[in-house]
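Peer 1: Here you go, one structure.
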Amino acid sequence: MAGSSFGTIFRITTWGESHGPSIGVVVDGCPAGLFLSEEDIQMQLNRRRPGQSRYSTPRNEADRVHILSGIFEGRTTGTPIAMEVINETQRSKDYSEIANSYRPGHADYTFDQKYGFRDYRGGGRSSGRETIGRVAGGAVAMKLLEQLGISITAYASSIGPVAAKTFCPEEIDNNPFHLPDAEAAAMAQKYVDRMIEEKESSGGVIECRITGVPAGLGDPVFEKLDANLSKALVSIGAVKGIEIGDGFAAAHAVGSENNDSFYINEDGNTAKKTNHAGGILGGISDGDTIIVRAAVKPTPSIFRPQQTISRNKEPMELTIKGRHDPLIVPRAVVVVEAMCALTIADSLLLNMTAQMDGVLRFYNNK
């Protein structure tokens, strides 16, 4: 199976299955000398850990990370950083009834068609638990970006039909949905509670703001920064759509409304009066805040009867059992941050070779 690696210079490879002994990641290309500890990684993993509210799966995993290589005396060595999380509470019997059927909305059918077999215990590599490796690798990237003054903040901008009307950063961690609007969070709670009573699931939109990124990251053709961010986020299993800046709203605007006018700010630097472009022009960062949104579909595992077929092509009714998130969005917020961090870190390292001046500065400072 190909496709388990992401990045060019700052590169991660995730490994393991949802119901295997463990799951993890190998991070390659991280510069030596970065202060890094298991606590730095654990802090991010705790944000995606299950069982933190009634709106996530009751699968109660500690998700304790162990760094196996790449760290010496609290610093990265420049060699691959391997990290592992033990799977502690697998309940594979919950999936025995779906071994010969295809769950609607899941990768069961397509996985079977591609490989001729599938790990029906939670989906194997197509399980959301695979994102543990992404979050662990992203934690390393975020630690690197912090040293460069770059910050990444993701949050839910909407849950189902409920959208945040205001942006209060302090409110993001004050509610189980990570909405930056207390009033919207209260409305979202009523909506999701009703969906749970009806044995339904919910989706939403995650917005991410990346600040401190210098102008010049990304390339003008196939390696556009917005293209790479889009690939990074769509690679998350539940994500079905991406917007950069105004996104689809730009299709309803005219040029004079959508264009961002340039000016020289008080510091004598080039700036924009607006940010409809979301911090990226021509595939290259423009120095403004990068704004990206990911549309997250409703959890496909719902507890009401659904029509499907068996592997023998026989029609059947399926009622899913087990421990599932009625809403993926809150736990996916940190995954979105991780994938954005990995993309920006990789772009920064790649950009060091964009100009001869940069190469000369590197060698002259040795």
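Peer 1: Can you tell me which of Asp173, Asp325, Asp286 moves the most in a GNM of the chain? Springs connect C-alpha atoms under 10 Å apart.
Peer 2: Between Asp173, Asp325, Asp286, it is Asp173 that shows the largest mean-square fluctuation.
Peer 1: Then there's this: When the chain is modelled as a GNM with alpha-carbon springs shorter than 10 Å, which of Thr79, Thr343, Thr353 fluctuates the most?
Peer 2: Top of the fluctuation ranking is Thr353.
Peer 1: To continue, here is another question. Can you give the FRET efficiency for Ile9 and Lys273, using 1/(1 + (r/R0)^6), R0 = 56 Å, r = Cβ-Cβ distance, to the nearest 0.05? Intermediate results must be reported in sequence, preceding the final value.
Peer 2: Working: r = 35 Å, r/R0 = 0.62.
After rounding to 0.05, the efficiency reads 0.95.
Peer 1: Modelled label-to-label distance, Glu317 and Phe167, 7 Å Cα→beta-carbon offset: nm?
Peer 2: 4.8 nm
Peer 1: Sort the following peptides by mean Cβ neighbour count (other Cβ atoms within 10 Å, averaged over residues), highest first: 134-141, 264-271.
Peer 2: On the way: 134-141: 28.4, 264-271: 9.1.
So the peptides 134-141, 264-271, ranked by packing, come out 134-141, 264-271.
Peer 1: Calculate the translational D of region 99-180 in whole µm² s⁻¹ from Stokes-Einstein, where the hydrodynamic radius comes from the Kirkwood formula applied to all Cα pairs, the temperature is 10 °C and the viscosity 1.306 mPa s. Could the numbers behind the result be given before it?
Peer 2: On the way: Rh = 16.3 Å.
Reported coefficient: 98 µm²/s.
Peer 1: Compute the normalised compactness of region 303-359: alpha-carbon radius of gyration over 2.2 N^0.38 Å, N being the residue count.
Peer 2: Working: Rg = 22.7 Å, N = 57, 2.2 N^0.38 = 10.2 Å.
Its radius of gyration relative to the 2.2 N^0.38 Å reference: 2.22.
Peer 1: Near Ile284, within a Cβ-to-Cβ distance under 13 Å, what is the net charge of the other residues, with Lys and Arg +1 and Asp and Glu -1?
Peer 2: Working: positive: Lys224; negative: Asp219, Glu223, Asp226, Asp286, Asp288.
Net charge in that neighbourhood comes out at -4.
Peer 1: Right, another one. Radius of gyration and Dmax for the chain's Cα atoms, expressed in Å?
Peer 2: When restricted to the Cα atoms of the chain, Rg and Dmax are 21.5, 70 Å.
Peer 1: Continuing with the same structure: Set the bar at 26 Å for Cα to Cα. Now go through Lys240/Lys273; Lys297/Lys321; Lys143/Lys231 and name every pair that lies beyond it.
Peer 2: Numbers: Lys240/Lys273 31 Å; Lys297/Lys321 20 Å; Lys143/Lys231 22 Å.
From Lys240/Lys273; Lys297/Lys321; Lys143/Lys231, over 26 Å: Lys240/Lys273.
Peer 1: Oh, and also: Each label point is 7 Å from the Cα along the Cα-to-Cβ direction; what then is the distance between the points at Glu88 and Glu223, in nm?
Peer 2: Simple spin-label model gives 4.2 nm for this pair.
Peer 1: State in Å² the accessible area per residue of region 106-197; use a 1.4 Å probe, count heavy atoms of protein chains only, and round to the nearest integer. Before the final figure, lay out the partial values.
Peer 2: Details: 4290 Å² over 92 residues.
Roughly 47 Å² per residue, with all protein chains present.
Peer 1: Considering only protein heavy atoms, what is the solvent-accessible area of Val27 at a probe of 1.4 Å, reported in Å² to the nearest 10?
Peer 2: Taking all protein chains as shown, Val27 has close to 0 Å².
Peer 1: Where does the chain land at 222 nm, in deg cm²/dmol rounded to the nearest 500, when only DSSP H runs of n ≥ 4 count, each adding -39500 (n - 2.57), divided by all residues? Working shown, then result.
Peer 2: Values: 8 runs with 98 residues, N = 366.
So the helix-based figure for the chain works out to -8500 deg cm²/dmol.
Peer 1: On to the next question. For Glu198, Glu84, what's the largest-to-smallest order of accessible area, 1.4 Å probe?
Peer 2: On the way: Glu198 85, Glu84 45 Å².
Listed by decreasing accessible area, they come as Glu198, Glu84.
Peer 1: Give the angle, between 0 and 90 degrees and rounded to the nearest 10, that separates the Cα long axis of helix 225-234 from the longest principal axis of the Cα atoms of the chain.
Peer 2: Taking Cα atoms only, the helix is inclined about 10 degrees.
The values are calculated or read from the model by the stated rules, or taken from the named source; none is laboratory data. These numbers were taken from a predicted model, which means no experiment stands behind them. For neighbour counting, all protein chains shown are included, and Cβ atoms are generated from backbone atoms with ideal geometry for every residue, glycine included. Calculation scope for accessible area: heavy atoms of the full protein, side chains included, ligands and nucleic acids excluded. Shrake-Rupley method; radii C 1.70, N 1.55, O 1.52, S 1.80 Å.
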